[in-house]
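*Asks:* Before I ask anything, here is the structure I am working with.
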Amino acid sequence: MIRAFALLSIAALAGCAKDTGHYPSLSPRPIERVSLDEPAAPPPAPARPDPALDARLAEAARADADRKRRIEGALTDADRLVAQAAGMPAGSDRWLDAHIALGTLDGLRAETSEALTALEQEAADRGVAGEPPYPALDDAIERLRSAAAGLTARIDALQQRLAR
């Protein structure tokens, strides 16, 4: 009986299999070959000349040259006054003169920061408007960033010398 049941089960299972003669391929289907990567962005269009922006950048460059001249003079004065105030007690005339000179430098640093902020705002406005980057504007921003960082480093060094 068990033998008959086993033969009957095998026969039944053989009847369940359909012989199509064609088995599905395991290679990728055409839809699986489609890339889902984001397409590469096209290169930005070159910036068109902007005479109004060029005029503003020229004015900013003139103001920057004037500010640099004033900064160099203020740094020379502050360096001399800090050297004279070295070892002086806080509140002495020389100590106060050195702090006034450092205050002048802080004012010039604020002017530099304001000029940098104005140029960065100009670049941001261009970006919001969908305009391409303007190389002359980007160069001016980098020059001012560098100048502001250099001035901050010089002021910090003078303050450290005065604090000794």
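Values in this text are rule-based calculations from the coordinates and carry no lab data. In this text, all values refer to a predicted model and were calculated from it rather than measured experimentally. Neighbour counts run over all protein chains shown; Cβ positions are idealised from the backbone, glycine included.
*Asks:* Yes or no: region 121-136 includes at least one residue that is touching a helix residue (DSSP H, G or I) at 6+ places or on another chain (Cβ under 6 Å), more than 22 Å from Arg164 (Cβ to Cβ) and free of Cβ contacts under 8 Å to residues at least 24 places away in the same chain.
*Replies:* yes
*Asks:* Hey, another quick one. Out of everything in region 57-73 that is among the charged types (D, E, K, R) and more than 23 Å from the chain's Cα centre (by Cα), what residue ends up being farthest from Ala118 (Cα to Cα)?
*Replies:* Taking the candidates together, the pick is Glu72.
*Asks:* When you go through Thr117, Thr76, Thr112 one by one, which is the residue that is surrounded by 15 or more Cβ atoms within 10 Å (Cβ to Cβ), of a type in the set (S, T, N, Q) and either in a helix (DSSP H, G or I) or in contact with a strand residue (DSSP E or B) (Cβ under 8 Å, 6 or more places away or on another chain) (or both)?
*Replies:* So the residue among Thr117, Thr76, Thr112 that is surrounded by 15 or more Cβ atoms within 10 Å (Cβ to Cβ), of a type in the set (S, T, N, Q) and either in a helix (DSSP H, G or I) or in contact with a strand residue (DSSP E or B) (Cβ under 8 Å, 6 or more places away or on another chain) (or both) is Thr112.
*Asks:* Restricting attention to region 77-134, and to residues there that are under 37 Å from the mean Cα position of the chain (by Cα) and polar (S, T, N, Q), which single residue is nearest to Pro44 (Cα to Cα)?
*Replies:* By that ranking, first place goes to Gln121.
*Asks:* Do we find that Glu131 is in a loop (DSSP other than H, G, I, E, B) and of a type in the set (Asp, Glu) in this structure?
*Replies:* Yes, satisfied.
*Asks:* In addition: Looking for whichever is of a type in the set (Asp, Glu) and in contact (Cβ under 8 Å) with a residue 60 or more places away in the chain here; the options are Asp54, Asp97, Asp77. Which one fits?
*Replies:* None of the other options fit; the residue is Asp54.
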